[in-house]
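The values are calculated or read from the model by the stated rules, or taken from the named source; none is laboratory data. Since the model is a prediction, treat every value here as computed from it, not as a measurement. Every residue, glycine among them, receives a Cβ derived from its backbone with ideal geometry; neighbour counts consider all protein chains shown. We work out accessible area using only protein heavy atoms, side chains counted, and drop any ligands, DNA or RNA first. Shrake-Rupley method; radii C 1.70, N 1.55, O 1.52, S 1.80 Å.
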Amino acid sequence: SIAQWIDRYRRDHTHPVNRATHTLGIPMIVLSLPLLLWHWKLALGLFVGGWILQFVGHAFEGKPPSFFSDPRFLLVGPLWLFEKLTGRSGPPQ
């Protein structure tokens, strides 16, 4: 279920720095995709910057990104962030 995927993602992202870098980096990456149609350079900067934040966060976490084990986690990250920002996610388990 989606809830199980998000729970697994949450468990893989417990370090506060990693959570903070993902909170900034995920929206940058998501926003960059449609922005490619209008402003290529800005979109590229957001995309690269967002990914740099992701990997910096995982250096603090001490774990590889979840999508290394399953590419579907690339879609789970935005869902995790949506739940986090709307207050529907609980503490890391």
Checklist entry - Are there any pairs, at least 6 apart or on different chains, whose C-beta atoms fall under 7 Å, with the first in the stretch 69-80 and of a type in the set (A, V, I, L, M) and the second open to solvent by 80 Å² or more (accessible area, probe 1.4 Å) and modelled with pLDDT under 85, and if so, which? => result L79/I2
Next on the checklist: Any residue that is within 17 Å of F82 (Cα to Cα), touching a residue at least 60 places away in the same chain (Cβ under 8 Å) and not in a helix (DSSP H, G or I) - is there at least one of those in the stretch 23-38?
Outcome noted: no
Checklist entry - Does V56 fit the bill of being assigned to a helix (DSSP H, G or I), surrounded by 12 or more Cβ atoms within 10 Å (Cβ to Cβ), under 10 Å from the mean Cα position of the chain (by Cα) and β-branched (V, I, T)? => result no
Checklist outcome for this item: Note on F60: of the conditions (1) over 22 Å from F82 (Cβ atoms); (2) touching a residue at least 40 places away in the same chain (Cβ under 8 Å); (3) out of contact with any helix residue (DSSP H, G or I) (no Cβ under 6 Å at 6 or more places or on another chain); (4) not polar (S, T, N, Q), unmet is (3)
Checklist outcome for this item: Sole miss for L42 among (1) in a helix (DSSP H, G or I); (2) in contact (Cβ under 8 Å) with a residue 60 or more places away in the chain is condition (2)
Checklist outcome for this item: Here the residues within the stretch 1-18 that are of a type outside the set (S, T, N, Q) and open to solvent by 40 Å² or more (accessible area, probe 1.4 Å) are I2, A3, W5, D7, R8, R11, H15, P16, V17
Item to check | Filter result for V30 (in contact with a Pro (Cβ under 7 Å, 6 or more places away or on another chain) and either surrounded by 13 or more Cβ atoms within 10 Å (Cβ to Cβ) or of a type in the set (S, T, N, Q) (or both)) | outcome: yes
Item to check | Unique match (being at pLDDT 95 or above, open to solvent by less than 80 Å² (accessible area, probe 1.4 Å) and either within 13 Å of H13 (Cα to Cα) or not basic (K, R) (or both)) among G87, G49, G62 | outcome: G49
